[in-house]
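Beneath this line is the structure, given in structure tokens, with notes to follow.
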Amino acid sequence: MSFTPLQAPRVNPAELGKVAVLFGGTSAERDVSLMSGSGVLAALQAEGVNAIAFDPAERPLEDLIKEGVDRCFIALHGRGGEDGSLQGALELLKIPYTGSGVMASSIAMDKIMTKRIWRFEGLPTPDWRLVASAEDCEHALTALGAPMIVKPAREGSSIGLTKVTDPSQCAAAYAAAAQHDPEVLCEQFIDGEETTCPVLTVEGEAQSLPVIRIKAPGGNYDYQNKYFSDDVKYLCPSLLDADEEAEIQRLVLRAFKTLGCRGWARADVMIRATDRQPFLLEINTSPGMTSHSLVPMSAKVAGLAYGQLCVHLLASASLDAAIR
């Protein structure tokens, strides 16, 4: 499938002012954030941007004012970074930032709220149950069928996620998820192909980037395989049927707009093997930017190199018009 090449942003680095790349933080995804932020920082500096490192776990956000920071690139993942709380703090400090605003960030971080909105809007997402105990988990398995995915409602990077095939696994699966979040999500497992599709705002208009098809060993795209393994195969271009790829892109764009996202995001989509029906799993409003990350991979196929992507995102940094 062919794609319309993205144009590299024509941005004078000096016009971006002093930039803080926010990474690290205190969430369970701190290690991934450190990798993402280090890559972004090096890329921005190579592009001539006056960029500094800033770890909110080590310094108060008020120091951004003392440092004379003009805008922030958010490379934080998980709670405290992409759940709306940081975005709200930056709004109060009146420092523009990359990515979605307060409300969209908060909703997208919560998989249950995201699924409720998508379902209300008629977007396909696997059936689910919110559970509060191992016993509830067993009831969910009866209702949803096996296999079933059990995961924290507000975590990413497959942290605390378990694939359950038997009621005897429910207690351990619930405990693994509950240690990261009191809200635990049981989700219908979609057997088929795993894909992901980024969205990037270009000249004020959100557009889907090329779809990536993911082939993990044994179909296990877990934390280790996502960030530290070279055994996962990523197909981009996806080699899907052109109409099928276009449908996924349309679906992801609708999912992005429905939640009120801005700037960029990446949505994960499963294609059911039996009928090729796509299902939205979740959307990430502060996607990874590591060497294994998928947004840079897709953007490269669309004609935008890593450094150009970082500058483009930074140039789009803004405050939330709904709050102002």
Helix-only mean residue ellipticity at 222 nm for the chain, each DSSP H run of n ≥ 4 adding -39500 (n - 2.57), per residue, nearest 500: -9500 deg cm²/dmol
Distant-in-sequence amide H partners of A265 (H built 1.01 Å from N, under 5 Å): V199
Loop-resident sites, region 58-105, for GluC sites (Glu not before Pro), counting at most 16 other Cβ within 10 Å (DSSP): E58, E62, E67
Karplus-derived HN-Hα couplings along region 54-63 (A = 6.51, B = -1.76, C = 1.60, θ = phi - 60°), whole Hz, x at Gly and Pro: 8, 9, x, 6, 10, 9, x, 4, 4, 5
Antiparallel bridges, percent of DSSP beta bridges restricted to the chain (to nearest 5): 80
Cys with no candidate disulfide partner in the chain (beta-carbon separation under 4.7 Å rule): C72, C186, C197, C236, C261, C310
Segments 37-48, 268-279 sorted - mean Cβ within 10 Å per residue, highest first: 37-48, 268-279
Computed Rg/Rh of the chain, alpha carbon atoms with Kirkwood Rh: 0.96
Loop sites in region 94-198: trypsin sites (Lys or Arg not before Pro), DSSP, at most 16 other Cβ within 10 Å: K94
Mean Cβ count within 10 Å, highest first, over the residues of peptides 203-212, 186-195: 186-195, 203-212
Prolate/oblate/rounded call for region 128-188, Cα gyration tensor, a/c under 1.5 rounded: prolate
Viscosity 1.306 mPa s, 10 °C: Kirkwood-radius Stokes-Einstein D of region 1-71 over Cα pairs, µm²/s: 116
Of K18/K215; K115/K163; K66/K115; K18/K233; K111/K215; K18/K111, pairs whose Cα-Cα distance is over 31 Å: K18/K215; K66/K115; K18/K233; K18/K111
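All of the numbers you see were taken from the coordinates with simple rules; none came from a lab. What you see is a predicted model; the values in this text were computed from it and never measured. Counting neighbours? That spans all protein chains shown, and the Cβs are built from the backbone with ideal geometry, glycine included.
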